[in-house]
Each structure stands twice: as structure tokens, then as C-alpha cells.
Amino acid sequence: MPAHKPPLLALVCLALSSAAGSVGAEPPATAGTPAETERSRLLALLDRSDEAYLDRSPMRGLLRGDDRRADRFGDMISADYWEAERRAAEADLAALRAIDRSALNRVDQVAYDMFEWDRRTILAGLEPGVLAIRAVQPHDHF
């Protein structure tokens, strides 16, 4: 697994890669089937979302050992940044809704659900009341 994957995506990838060896696991989808098409769309969304996040927050990549954006610091504390995060989470949720969850196997459905939960959690953290607190104390232990 590449070192630049975030913890959430690392868990999703681990779940996806371990599915084949699991007791009672579903057989892998055949190329061209609806399940494989939807799985490909889901994995592409996860990858696109992660790359876009690293473009907005290049220092997070360094924390993962990804130095492709090491020449940039990033913003991560302005109103423009928070708005970009909101737009990205909303766009991710819209793209996720375009994927037929019922066509995915059980493991991919877990990845779908985890990604949806993560995006909704991001949006909850960007609510005005929460942002009012984060704006005056924008840094955490990372």
C-alpha cells in the first residue's frame, strides 16, 4: 500500500484487499459486470478525493511520507480553506450517491459506508458553531 494513503483510505484498502481471503467472502466480480463497474467507480472516487485533499492540504501528505507536494505549506486555517473543504465533501457525497451501492459486494459496501461517514463527519465539523471554535484554535496535536 502506498505510504501516501490517509488512515481512512488505508482501512478501506485493507478491508478490500483482505476480502478475497476471508471466510465466506464473495467471489471477486468479473470484469465488465455491474459490480466491477461500480467497484471501479468507487475506487476511482476514493483516489480522486484523496489526491484533491492532498492538493488542499500538502502538509498532511508529508505526515504520511508523501513528499510530492513538499514545496508547499498549504493554508488549512482560512475561511477559503474551510469553504473548499465543504465543497469537496459535498462533491464527494454527490459522486458517491451516483454509485449503486447495492451492486457492490459486502466489503465494497463497507468502504462506501466508511467514506460516506467520513464525508458527513467533515461536514459536521464545518457547521458554523463548530467552525467558530475551530477558527480561534485552528491547530491540533498534528
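Name the single residue, out of those in region 99-134 being of a type in the set (A, V, I, L, M) and free of Cβ contacts under 8 Å to residues at least 12 places away in the same chain, that is most open to solvent (accessible area, probe 1.4 Å). Before you say what the answer is, go through the steps one by one.
Going through region 99-134, the residues of a type in the set (A, V, I, L, M) turn out to be 99, 103-104, 107, 110-111, 114, 122-124, 126, 130-133.
Next, from what is left, pick out any that are free of Cβ contacts under 8 Å to residues at least 12 places away in the same chain: 124, 130, 132-133.
Numbers: Ala124: 53, Val130: 60, Ala132: 62, Ile133: 112 Å².
Result: Ile133.
Looking only at region 76-97, which residues are closer than 19 Å to Val130 by Cα and surrounded by 15 or more Cβ atoms within 10 Å (Cβ to Cβ)?
Met76, Tyr81, Trp82, Ala84, Glu85, Arg86, Ala88, Ala89
Could you grab me the full set of residues in region 60-107 that are of a type in the set (A, V, I, L, M, F, W, C), assigned to a helix (DSSP H, G or I) and either under 29 Å from Thr37 (Cβ atoms) or in contact with a Phe, Trp or Tyr (Cβ under 6 Å, 6 or more places away or on another chain) (or both)?
If the condition is that a residue be of a type in the set (A, V, I, L, M, F, W, C), assigned to a helix (DSSP H, G or I) and either under 29 Å from Thr37 (Cβ atoms) or in contact with a Phe, Trp or Tyr (Cβ under 6 Å, 6 or more places away or on another chain) (or both), then Ala88, Ala89, Ala91, Leu93, Ala94, Ala95, Leu96, Ala103, Val107 are the ones that fit.
Hey, can you tell me all the residues within region 34-44 that are surrounded by fewer than 19 Cβ atoms within 10 Å (Cβ to Cβ) and either of a type in the set (Ser, Thr, Tyr) or under 17 Å from the mean Cα position of the chain (by Cα) (or both)?
If the condition is that a residue be surrounded by fewer than 19 Cβ atoms within 10 Å (Cβ to Cβ) and either of a type in the set (Ser, Thr, Tyr) or under 17 Å from the mean Cα position of the chain (by Cα) (or both), then Thr37, Ser40, Arg41, Leu43, Ala44 are the ones that fit.
The values are calculated or read from the model by the stated rules, or taken from the named source; none is laboratory data. Predicted, not measured: the structure shown is a model, and the values here were computed from it. FYI the Cβ positions are ideal-geometry reconstructions off the backbone, even for glycines, and counts take in every protein chain you see. The accessibility values were calculated without ligands, DNA or RNA, using every heavy atom of the protein model including side chains. Shrake-Rupley method; radii C 1.70, N 1.55, O 1.52, S 1.80 Å.
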